[in-house]
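Structure record follows, encoded as structure tokens.
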Amino acid sequence: MVTNLKRIVVIVGHYGSGKTNLAVNLALDIKKKTKDVVLVDLDIVNPYFRSADFQTLMEKHGIEMITPTYAKSNLDIPALTGQLDAAICTQKHLIIDVGGDDAGAAALGRYSHEIEEAGGCDLLYVVNGYRYLTRTSKEAAEILQEIQKISRLKVTGVVNNSNLADITTADDVVSTHQFALQTAQEYQVPLLFTSVKEDLAKQVKALMPGQKVYPVKIFVKKPWEE
Amino acid sequence: MSSNQRVLMKGNEALAEAAIQAGCHHFFGYPITPQTEVAAYMAKRLPKIGGTYLQAESEVAAINMVLGAASAGIRAMTSSSSPGISLKAEGISYIAGSDLPCLIINVQRGGPGLGGIQPSQSDYWQATRAPGHGDLHALVFAPSSIQEMVDMVFDAFDLADQYRMPSMILADGMLGQMMEPVVFPEKSVNPVDKSSWALTGHQGKRAHHIVNSLYLQPDELEKNVKERFERYELIKSKEARAEEYLVEDAQLVVVAYGATSRIVRSAINTARGKGIKVGMIRPLTLWPYPSSVIAKAAETAQAFLTVEMSMGQMVDDVRLAVNGKKPVAFFGHTGGVIPTPAEVLAEIEKMTGGDR
């Protein structure tokens, strides 16, 4: 499922839709089949719970990381480095974890030209039907449109990452399928897959025959869940 | 949507949505990490429901706008993080001195000064001792989950209205930024009758109301403050709240609030698995402080441990409540460093001699 993705994979979506956890999973999976993988934390709006938190894990797996200069520090300065420009020009596989909503995607707009020149990207729009402001496909589609506008890139697929954190059941996931499908249809892009925490993957697959299910590990955790 | 359905929310968004559902359609604020999502959410939602979202030119302006809106008898709120709350202190004092209800949210970050943007609990003294100058208090609530953030917003507005005083929700960056499933309560807002004091226009039909904190004669001011303190005594006797967790047979009682209490709970569960008799008292209100719950535990427990993301502030109130009967120790981190369950467990083991 992840092997069909383009060299540059960009992950966008509403705040809290699960972009970072998906990005970390994709980076680790793509690394299994590819030599040079880079996880890019492009979040300029969110102070905590971000890809930069996983620097050590990425290093352990030989995955390069590019993060804003002051990510994870006490400084509230969203300064980006020139590293991403350089990485786009290489043949390395990039997973770019973008900040939430159009506010976060503004930073991506800065790189749209470079990404197009390098052959474009897979722009994955992550949705979670349990997030308060994206409970309907109409609301989810509105945010998609705002993100496309400011990032100057076109969404190429929707990922259904609907969940209720640790209390999620297989039924909770399956019941959002229609919502995710409609969101994708609204923009005539495919619903690429449903990402679901690995212990539920079998059940979800059984309940949605023929649908692609991507089992993910939960890396984004609270201090008392370690 | 049906309101008994679960949704996944970030703490800051939940605070904002709960306030809207509690009938607060007027928000005045100024952005600061890690609470910016409160203002961002209000900016998105309030115009759609006919409310007012106003980004003021500063925190000082924002709190004075809250004073103005509250004077008119409507539910109003502001939100900030530590340095911004310091700026609001003058306005909070005027609001208290004018007997006005409102909600102030503090999503604490590291201090002093500009400090940092990571989570902290080092504004406890400020919130409970001196949220502004003068003899005054604010009701202070300490949620430890996103659901509690939602529930406490309703309570904070209700009690602020009932006692005509500012309410504060003392959260921290961790609670503000993390996500959890929540259910919004199916509550209808019971509007409190504010017609005896609110500035709603008298149209020549009644004497005009005055909202004011200036008293020309010292004895008048003293009388006014003393009356307010009688109300504070009533609040102390009626509104202090705490959760007790495995306290009954506990030799060691850990006292913690907010996000830190989640870490402590995790450490206690591990300790209990090892046979260590340890429990927790978790204050839900920081003012009024649930001193009697702690005093009662001091009759049975052998020792107390307070865990905070500060150099030790709430530990003062624990010591006052324990009143020298049992030793009270402190463990904490500050500056945005979060204690780990393993560290808390090590403290618990140290104080209980390992096992049993």
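The values are calculated or read from the model by the stated rules, or taken from the named source; none is laboratory data. For clarity, every value in this text was computed on a predicted model and none was experimentally measured. FYI the Cβ positions are ideal-geometry reconstructions off the backbone, even for glycines, and counts take in every protein chain you see. For accessibility, only protein heavy atoms count, side chains too; no ligands or nucleic acids. Shrake-Rupley method; radii C 1.70, N 1.55, O 1.52, S 1.80 Å.
Tabulated values for the structure
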read-out	value
Filtered residue count, region A:188-226, keeping only those that are outside any loop (DSSP other than H, G, I, E, B), surrounded by fewer than 17 Cβ atoms within 10 Å (Cβ to Cβ) and within 14 Å of another protein chain (Cβ to nearest Cβ)	1
Any hit, region B:86-93, residues being open to solvent by less than 10 Å² (accessible area, probe 1.4 Å), touching a helix residue (DSSP H, G or I) at 6+ places or on another chain (Cβ under 9 Å) and among the hydroxyl-bearing types (Ser, Thr, Tyr)	no
Residues (part of a loop (DSSP other than H, G, I, E, B) and not aliphatic (A, V, I, L, M)) located in region B:170-187	B:PHE184, B:PRO185, B:GLU186, B:LYS187
Residue count for region B:249-265, restricted to those that are over 14 Å from B:THR306 (Cα atoms) and buried (at least 23 other Cβ atoms within 10 Å of the Cβ)	1
Count of residues meeting criterion [within 14 Å of chain A (Cβ to nearest Cβ), over 15 Å from the mean Cα position of the chain (by Cα) and open to solvent by less than 10 Å² (accessible area, probe 1.4 Å)] in region B:94-116	2
Scope region B:52-70; condition touching a Leu at 6+ places or on another chain (Cβ under 7 Å) and either open to solvent by less than 10 Å² (accessible area, probe 1.4 Å) or among the charged types (D, E, K, R) (or both); matching residues	B:GLU59, B:ALA70
Scope region B:1-29; condition of a type outside the set (D, E, K, R), open to solvent by 50 Å² or more (accessible area, probe 1.4 Å) and at pLDDT below 95; matching residues	B:MET1, B:SER2, B:ASN4, B:GLN5
Of the criteria (1) part of a loop (DSSP other than H, G, I, E, B); (2) within 14 Å of chain A (Cβ to nearest Cβ); (3) small (Gly, Ala, Ser), which one B:ALA43 fails	(1)
Filter pass, B:LEU246 being modelled with pLDDT of 95 or more, open to solvent by 40 Å² or more (accessible area, probe 1.4 Å) and on the phi > 0 side of the Ramachandran plot	yes
Residues (polar (S, T, N, Q) and open to solvent by less than 20 Å² (accessible area, probe 1.4 Å)) located in region A:43-58	A:SER51
Residue under evaluation B:ILE268, criteria (1) assigned by TED's automatic domain parsing to the domain that holds B:LEU159; (2) open to solvent by less than 20 Å² (accessible area, probe 1.4 Å), criterion not met	(1)
Whichever residue in region B:117-134 is open to solvent by 40 Å² or more (accessible area, probe 1.4 Å) and in a loop (DSSP other than H, G, I, E, B) and, among such residues, is nearest to the other protein chains (Cβ to nearest Cβ)	B:ALA130
Selection count where residues are more than 19 Å from A:VAL9 (Cα to Cα), surrounded by 13 or more Cβ atoms within 10 Å (Cβ to Cβ) and either touching a strand residue (DSSP E or B) at 6+ places or on another chain (Cβ under 8 Å) or not basic (Lys, Arg) (or both), scope region A:59-102	7
Within region A:1-40, considering residues that are of a type in the set (Gly, Ala, Ser) and not in a helix (DSSP H, G or I), the one farthest from the other protein chains (Cβ to nearest Cβ)	A:GLY13
Where B:SER144 falls short, out of the listed (1) over 15 Å from B:ILE32 (Cβ atoms); (2) of a type outside the set (D, E, K, R); (3) part of a strand (DSSP E or B)	(3)
The listed residue being out of contact with any Lys or Arg (no Cβ under 7 Å at 6 or more places or on another chain) and farther than 21 Å from B:ALA259 by Cβ, out of B:ALA70, B:ALA18	B:ALA70
Scan of region B:2-37 for residues that are over 22 Å from B:GLU57 (Cα atoms), within 11 Å of chain A (Cβ to nearest Cβ) and not in a helix (DSSP H, G or I), ordered by number	B:SER2, B:GLN5, B:ARG6, B:VAL7, B:LEU8, B:MET9, B:LYS10
